[in-house]
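The structure appears right after this line, and notes come after that.
The values are calculated or read from the model by the stated rules, or taken from the named source; none is laboratory data. Since the structure is predicted, the reported quantities are computational estimates derived from the model, not experimental observations. Heads up, the Cβs are rebuilt from the backbone with ideal geometry, glycines too, and the neighbour counts pull from every protein chain shown.
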Amino acid sequence: MKVAIIGGGASGLMLGALISKLNINYDIFNSGKLGRKILASGNGRCNIANTNIDKKYYHDNKLLSKLLVNKDKVFNLFKELNIYTKEDGEGRLYPISESSLSVLNILLKNNKGNIIDLFVNNIKNKGDKYYVENYGPYDKIIICTGSYASFKNSFSYDYLKSLNVKFNDFKPSLVGFKVKENIKAISGVRCKCNVSLYSSDKLIHKESGEIIFKDDGISGICVMNLSSYYQHLDNQKSKIVIDLLDNKKYNTLESVINPKLLDYINKYNLDPNKIVLNIKSTYDFEFAQVCVGGIDINYINDNLSLKSDSNIYVMGEVIDCDGVCGGYNLFFAWLCSITVYEDLKNEISNK
């Protein structure tokens, strides 16, 4: 069996490491730096997974729910690869080294296939074989090309049109919001608070954490999580409500609220328990950690092969499945790799 893996990100490199154990002949096609999202994860510390894996952190995605049968295999895989982890107080897992490069180096060390620096524009099917650009023939194609997230310039997914799948447009997620209000006066202020997302005055989701005010919007992990829920809304006429005091009572707020922020609150006679910011949009793809959108899950089998062609698999961010911050999206990449690996292993053993 000869396999083409298109994309040298988390899921592609993990699959390469796994199928190396099966003595499968494979090539990895990747344009530019390998494992770029791995290196960026956790601000360079690599938030490799989360111990609190549940479908609710993926917006109850139906495909993800089926893949979770392999959940424990992901954690066992870390042990097999000698990726030793530690857990923080919220279930986030990191390598003990706190270095994303450590994880990338382990994956590269365990990859035995060829790595070809090439941006793929077309996949051709000739009989029962496949060709990637001028390379081939291949028996299986694995597509794990990621998304537009964190890229300045978007690239084309037109080659997927020949695969008879529905592709839902990408939207930036795990990203900050631009707001309609003029908040330049408090740009650079950071504070711990509760933030809530409302759509048509209905509470969608609430988070607690640090918010960062910018010239034209807001950011911070809690805000980025709200963007994940925002991009799943049909009606995006929404607002953020900020609660700075968490219902606590103080005689004076001088030592409670950042002075610049307090001046802003006083100037506009705002309620510190209910500061409303109307959402203009999210920030662009280059500032996003992941995307909402991708290949529609209704066109994908439970083993991640396409319903239109069982010899073509899809993994990771190219699938319309996304999670919140906290290691959930990298975990999904590993979960995809395990799922495809198990399917290829079963096919080989049944021959």
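Here is how the numbers come out for the structure above:
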| read-out | value |
| --- | --- |
| From Asp271, Asp343, Asp322, residue being of a type outside the set (Lys, Arg) and within 21 Å of the chain's Cα centre (by Cα) | Asp322 |
| Residue within the stretch 231-254 that is of a type in the set (Val, Ile, Thr) and exposed (fewer than 14 other Cβ atoms within 10 Å of the Cβ) present | yes |
| Residue check, Asp139 acidic (Asp, Glu), out of contact with any Pro (no Cβ under 7 Å at 6 or more places or on another chain), surrounded by fewer than 14 Cβ atoms within 10 Å (Cβ to Cβ) and in the same structural domain as Ser31 (by TED's automatic domain parsing) | no |
| Residues of the stretch 196-228 satisfying the condition of being acidic (Asp, Glu), surrounded by 15 or more Cβ atoms within 10 Å (Cβ to Cβ) and over 22 Å from Lys56 (Cβ atoms) | Asp216 |
| Selection status of Phe75, modelled with pLDDT of 95 or more and either in contact with a Ser or Thr (Cβ under 9 Å, 6 or more places away or on another chain) or among the aromatic types (Phe, Trp, Tyr) (or both) | yes |
| Qualifying residue in the stretch 267-280 (condition: touching a Phe, Trp or Tyr at 6+ places or on another chain (Cβ under 6 Å), touching a residue at least 40 places away in the same chain (Cβ under 8 Å) and surrounded by 14 or more Cβ atoms within 10 Å (Cβ to Cβ)) | yes |
| Residue check, Lys237 more than 21 Å from the chain's Cα centre (by Cα) and either of a type in the set (Phe, Trp, Tyr) or at pLDDT below 95 (or both) | yes |
| The listed residue being more than 20 Å from Val340 (Cα to Cα) and of a type in the set (Asp, Glu), out of Asp72, Asp117, Asp139 | Asp117 |
